[in-house]
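So the structure is just underneath, and the comments pick up after that.
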Amino acid sequence: MDKVRLRVSINDRYASIVKLVSGLKIATVCEGALCPNIFECWGEGVATFMIMGDTCTRGCRFCYVKKGKPQPLDLEEPYRVAEAVRILGLDYVTITSVDRDDLPDGGASQFAETISMVKRLNPNVKVEVLIPDFRGDLNALKTVVDVKPDVIAHNIETVRRLTTTVRDWRAGYEQSLMVLKYIKVFNPSIITKSSILLGLGETFDEVIEAMRDLRSVGVDILVLSQYLRPSPKQLPVAKMYKIEEFKILEDIAYKIGFSYVVAHPLARTSYKAREAYYEAIKRLGLSGNAKSSN
Amino acid sequence: MESIITIPVDLWPRRGGWRGKVISIFKKPNERVEKGEPIAEVEIEKAVLVIESPFDGVIREVLVSPGDSVGPGSGLFKVEVFG
């Protein structure tokens, strides 16, 4: 199976992100998940912050993020993330987290505090969050929705049949669909987004079923990407999809009704998130005064 | 000035535990190398990393062979650096 080739290119902007995130003690999913796009994103001065530490309470079998008992919540973290956004001069920020099943609200209040602080210190910034399922706790979900991030992403990750194999036992296909549905119930103006990793053993028809399921709960932006095994501890790759297959699925996704589709082997939920958001709101007729490019 | 080209430690800086295998070496001793030029390939589980030279110079010694296990900070080439 041919592997993806990544050009290791470290420029000054990359080096400045290394210094910033290390200095502010903010975790990034770019590092935590060995993201293949780190050279491109950090080289352009963009990183995806991962709040509530670097250790996840769940054991999804595709994911490289550290698993185990997490550290106590750092109450100054929202401020430090907001400060990092200011220093980097970002006008669009993506924030994700580890799962925190150890916390009563699954970390929803830390998400809300971080979103609020980022917006307070950076009034013009757009905020996209990639959230866990909060074990289906709708009160926790509403805590995040109520502070009005511009985009809320939650990933189903795989097709219905493979969910129990690929994701942690506490995750669920229907539970994730419910989370995505209720974001829109609580606030229809928030753009929603979800990702499917391809290459874990799913069939073409199952991918289409998953896309229809996501669209049925109002998801606006779909991300389709190739699963790449981070280490021998994770699931093997069942199939490497060809670019043409991504294109076919992208066309089907648009026919199903998504406002924007990111379909590429190296796409990840936060990859080119800014572009996806502005294209989606343009197509939804919501662009108003929104800035569509730098 | 002589220097060592290494696998950057700033690659996924706080997840430095990964290892890979050298699969290609593109330079021999006494060959010139330019900043940004691919000089070696390292295969990790997830991908193949194409390592670039961080400066202009002349290769003095190749420190690894195909098949060698390497990680962040591993030396690849000894180089006479220009300027």
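The values are calculated or read from the model by the stated rules, or taken from the named source; none is laboratory data. Quantities reported herein were computed from a predicted structural model and do not represent experimental measurements. Here Cβ is always computed from backbone atoms with ideal geometry, including for glycine, and neighbour counts include all displayed protein chains.
Taken over the range A:32-60, the criterion of being touching a helix residue (DSSP H, G or I) at 6+ places or on another chain (Cβ under 7 Å) and either over 25 Å from A:Arg229 (Cα atoms) or among the acidic types (Asp, Glu) (or both) is satisfied by A:Glu44, A:Gly45, A:Asp54.
Of all residues in the range B:65-82, exactly one satisfies the criterion of being of a type in the set (Phe, Trp, Tyr) and surrounded by fewer than 15 Cβ atoms within 10 Å (Cβ to Cβ), namely B:Phe82.
Suppose the filter is touching a residue at least 24 places away in the same chain (Cβ under 8 Å), of a type outside the set (Ser, Thr, Tyr) and surrounded by fewer than 17 Cβ atoms within 10 Å (Cβ to Cβ); does A:Lys148 pass it? Even if it seems obvious, please write down each step before you answer.
Numbers: touching a residue at least 24 places away in the same chain (Cβ under 8 Å): yes; of a type outside the set (Ser, Thr, Tyr): yes; surrounded by fewer than 17 Cβ atoms within 10 Å (Cβ to Cβ): yes.
Judged against the criteria, A:Lys148 is a match.
Which of the residues spanning the range A:49-64 are on the phi < 0 side of the Ramachandran plot and either among the hydrophobic types (A, V, I, L, M, F, W, C) or within 13 Å of chain B (Cβ to nearest Cβ) (or both)? Within the range A:49-64, A:Phe49, A:Met50, A:Ile51, A:Asp54, A:Thr55, A:Cys56, A:Cys60, A:Phe62, A:Cys63, A:Tyr64 meet the criteria. Taking the range A:240-271 as the range and being of a type in the set (Gly, Ala, Ser) and assigned to a loop (DSSP other than H, G, I, E, B) as the test, the residues that pass are A:Gly257, A:Ser259, A:Ala267, A:Ser270. Could you tell me whether any residue of the range A:37-48 is crowded, with 17+ Cβ neighbours inside 10 Å and either acidic (Asp, Glu) or within 8 Å of another protein chain (Cβ to nearest Cβ) (or both)? Yes, the range A:37-48 contains at least one residue that is crowded, with 17+ Cβ neighbours inside 10 Å and either acidic (Asp, Glu) or within 8 Å of another protein chain (Cβ to nearest Cβ) (or both). I'd like the full set of residues that are outside any helix (DSSP H, G or I), more than 7 Å from every other protein chain (Cβ to nearest Cβ) and either in contact with a strand residue (DSSP E or B) (Cβ under 8 Å, 6 or more places away or on another chain) or among the aromatic types (Phe, Trp, Tyr) (or both), limited to the range A:7-34. A:Ile26, A:Ala27, A:Thr28, listed by residue number. Looking only at residues of the range A:65-85 that are outside any helix (DSSP H, G or I) and of a type in the set (Asp, Glu), we find that the one that is nearest to the other protein chains (Cβ to nearest Cβ) is A:Asp74.
Return the only residue of A:Pro132, A:Pro188 being part of a loop (DSSP other than H, G, I, E, B), under 19 Å from A:Arg268 (Cβ atoms) and modelled with pLDDT of 95 or more. Steps first, please.
Values: A:Pro188 fails: under 19 Å from A:Arg268 (Cβ atoms).
Residue meeting the stated conditions: A:Pro132.
Looking across the range B:1-47, the residues that are within 12 Å of chain A (Cβ to nearest Cβ), surrounded by fewer than 19 Cβ atoms within 10 Å (Cβ to Cβ) and under 13 Å from B:Pro66 (Cα atoms) come down to B:Lys21, B:Ile23, B:Ser24, B:Glu43. With A:Leu286, A:Leu197, A:Leu266, A:Leu228 as the choices, which residue is within 14 Å of chain B (Cβ to nearest Cβ), at negative phi, surrounded by fewer than 18 Cβ atoms within 10 Å (Cβ to Cβ) and aliphatic (A, V, I, L, M)? So the residue among A:Leu286, A:Leu197, A:Leu266, A:Leu228 that is within 14 Å of chain B (Cβ to nearest Cβ), at negative phi, surrounded by fewer than 18 Cβ atoms within 10 Å (Cβ to Cβ) and aliphatic (A, V, I, L, M) is A:Leu266. Among the criteria (1) in contact (Cβ under 8 Å) with a residue 40 or more places away in the chain; (2) within 11 Å of another protein chain (Cβ to nearest Cβ); (3) not small (Gly, Ala, Ser), the one B:Val50 does not fulfil is (1). Taking the conditions (1) more than 14 Å from every other protein chain (Cβ to nearest Cβ); (2) assigned to a helix (DSSP H, G or I) in turn, A:Asp102 satisfies each one other than (2).
When the range B:54-70 is filtered for residues that are at pLDDT 95 or above and under 21 Å from B:Pro13 (Cα atoms), the ones remaining, listed by number, are B:Ser69, B:Val70. Remark: pairs (first residue in the range A:196-217, over 14 Å from A:Phe246 (Cα atoms); second residue β-branched (Val, Ile, Thr) and surrounded by fewer than 18 Cβ atoms within 10 Å (Cβ to Cβ); Cβ separation under 7 Å; 6+ apart in sequence or on different chains) = A:Arg212/A:Ile256; A:Arg215/A:Ile256. Of all residue pairs spaced 6 or more apart or on separate chains, those with beta-carbon atoms under 7 Å, a first member in the range B:58-76 that is closer than 16 Å to B:Glu34 by Cα and a second member that is assigned to a loop (DSSP other than H, G, I, E, B) and among the β-branched types (Val, Ile, Thr) are B:Leu76/B:Ile7; B:Leu76/B:Val64. For A:Cys30, indicate whether it is of a type in the set (A, V, I, L, M, F, W, C) and within 23 Å of A:Tyr173 (Cβ to Cβ). The answer is no for A:Cys30.
No other residue among A:Tyr260, A:Tyr277, A:Tyr254, A:Tyr227 is free of Cβ contacts under 8 Å to residues at least 24 places away in the same chain and within 30 Å of A:Arg5 (Cβ to Cβ) apart from A:Tyr254.
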